[in-house]
Amino acid sequence: MGYSESEYFPDKHNHPALIIPVGTEFYIKRNIESGERFSNVKGGASNLFNSKPLTNQQNTPVFITESAIDAMSIIEVGGEAVGLNSTSNTDLLIRLIDGLENLPPFILCLDTDDAGDKATEKLINAFKERNLRFMDGRFIIKNCDNTYGTDKKTSLKDLNAALIENRNIFIDSIDKAKCQALNILPSKLEEYEKQNIAGCFAEFKNNIKASSRIQAIPTGFENLDNVFDGGLYSGLYFIGAVSSLGKTTFCLQLADQIARQKQDVLIFSLEMAKNELIAKSISRLTFMNTLSQNIGTSNAKTARGITDGHRWANYNDKEICLINESMNEYEKQIAPHIWIFEGVGDVGVNEIREKVSRHIALKGRKPLVLIDYVQILAPFDFRATDKQNTDKAVLELKRISRDFNISVLCISSLNRESYTEPISMKAFKESGAIEYGSDVLLGLQYNGMDYDESENDKSRLKRIRTMIKDCERYAARGGGIDIQLKVLKNRNGKKGNSINFVFYPMFNYFKESNNDFSEINDFKEIEEETPFEVNPNNFM
């Protein structure tokens, strides 16, 4: 720092001046009388004053000021400061920051005039983009202005004027600003404030308006839609059942019925091949078409009967016509809105998120997502337990449903001890996240699984085992078995409802029964006329 009694300034007069060195190339003359205040010697653009604190790794806040005099005012009372020397040097500061790491928190204290306001706004935007710690410190100048509280406009323009006006308040304000900069991340403060109810209430009201344009997705099952108040909404749905009770078949039929409405469906099949699922859908259509055309259900085909080319040689014209008609129906009305992604241990939640995002970007439509089944998603951590990995998957799937505002339907396995018990939430206990993370929790069970108070445990167990064996024998010959779908949890609607179905495992078909389990009673014809023996394990 230097002093000269007489220096020539652009106002064409000599004045006493401070001499402020800036780097090694030039210095600044600061007029301490009236007239032109600054002059850069040797010409060219000025550099930053005292840029060394930018490399400070001690987490000490650094004030960004407009002039070197302002920076020195901060330094005088024990702070660290960098002077721009010109509002045009904001880009220079940003470029310098981009080349540094472990940056300290910044306190912006530029002048309170128009040029200072514009430069401050530019720096705020740049710091936000870089996720830097910063705060607007111009309140220091206002604190020192005794008239600010009356007209809401400060007469003080910079830090040096504030120091001269009220030194004690200036020092106190500097200390408070340093503490605040160390204890918060101001670049995150705006985001945090938005989480306050007052800050997000407008969004709440906008969502109500937007919801009037969002329709539920009808499932194609009338009774189920009534329970769900119109169909599926955005959220995380889980359905569980014991092995071979038709949970995959039920969800596939639901997906096909939704696809008929021109609603896209993404199916992540982690156990069954794509062709197996397509064959199950076509098998169902052959059965439904025999019913609608009244041509005898013995002409309907199993999934194996669709894919086994050797059997086609023995089919009559009616059977072949039925298959071709069903295949054409599937190809034209369902397939255009179905995507099936296969995976065995290599598909995880991140892949699901990526494919959902890609689908929305490419097709411009939000899909229903079906996952079969959640316990065999690729693990997040091979060192974690199965339960820990499933819990993590459930939480991430919940985020996907929320982030994309879509319905995510997941199939889940059950605890082994639940196989002879009525379906309940405790059947999902091996993964607590399913019970608590789901918006809707559904369970399939044989009709008749519920407790009868008149029987003891031994007689009940005997009855249940006999009932299950009878159902399996009946289903293996093409008959329909009585199934209940229980709504175990419904976060935004009714729970405790039971919906009755007749399930034809051989033909992959669920029909709502409206409590009348005799709606389709073609069993005798199927039993007598089915042309080949079927292993029910292949079709459940």
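Each value in this text was obtained by applying a stated rule to the coordinates, not by laboratory testing. All figures in this text were calculated on a predicted structure; none of them were measured in a lab. Quick reminder, even Gly has a Cβ in these numbers, built from the backbone with ideal geometry, and neighbours come from all protein chains shown.
What to note about this one:
- Per-peptide average of other Cβ atoms within 10 Å, ordering 433-444, 227-238 highest first: 433-444, 227-238
- The fraction of all Cα pairs in region 97-145 landing in successive 5 Å bins from 0 to the largest distance is 5, 19, 28, 22, 15, 8, 2, 0, given as whole percents.
- Karplus-based coupling profile of region 78-90, in residue order and whole Hz: x, x, 9, 8, 10, x, 6, 6, 5, 5, 6, 8, 4, with θ = phi - 60° in 6.51 cos²θ - 1.76 cosθ + 1.60 and x standing for Gly or Pro.
- In region 327-358, trypsin sites (Lys or Arg not before Pro) in a DSSP loop with at most 10 other beta-carbon atoms within 10 Å: none
- Mean separation of Cα contacts under 8 Å (6+ apart) over length of the chain, as relative contact order %: 11
- Taking the C-alpha atoms of region 434-510, convex hull volume expressed per residue in Å³: 118
- Cα centroid separation - region 464-509 against region 74-121, whole Å: 70
- Per-residue packing, averaged as other Cβ atoms within 10 Å, sorts the ranges 155-165, 321-331 into the order 155-165, 321-331, beginning with the highest.
- (1) 32.9; (2) 24.4; (3) 29.3, with the label sought being that of the calculated Kirkwood radius over Cα pairs in Å: (3)
- Charge-dipole axis of the chain as Lys and Arg at +1 and Asp and Glu at -1 on Cβ define it, positive-most pick from Thr248, Gly79, Thr55: Thr248
- Backbone amide hydrogens, once placed in the peptide plane, bring Leu442 within less than 5 Å of Phe238, Ile239, Gly240, Leu488, excluding anything fewer than 5 places away on its chain.
- Neighbour-count order for Ser86, Ser34, fewest beta carbons within 10 angstrom listed first: Ser34, Ser86
- Close amide H pairs (under 5 Å, H built 1.01 Å from N) link Phe63 with Glu80, Ala81, Val82, Ile107, residues at least 5 positions away or on another chain.
- Theoretical FRET efficiency, 1/(1+(r/R0)^6), r = Cβ-Cβ of Asp317 and Arg260, R0 30 Å, to 0.05: 0.60
- Long-range HN-HN contacts of Leu370 with modeled amide H, under 5 Å: Leu266, Ile267, Phe268, Leu409
- Estimated vicinal HN-Hα couplings, Hz - region 265-274 in sequence order (Karplus 6.51, -1.76, 1.60; Gly, Pro = x): 9, 9, 10, 9, 9, 9, 10, 9, 6, 4
- In this entry, region 271-380 is assigned a mean projected area of 8.5 nm², taken as a quarter of its C-alpha convex hull surface.
- Pairs of C-alpha atoms in region 49-183 farther apart than 18 Å represent 49 percent of all such pairs.
- Vicinal HN-Hα couplings computed from phi for region 475-481 (Karplus, 6.51 cos²θ - 1.76 cosθ + 1.60; Hz; Gly/Pro x): 5, 5, 9, x, x, x, 10
- The P(r) of region 384-456 has a tail past 21 Å containing 36 percent of all C-alpha pairs.
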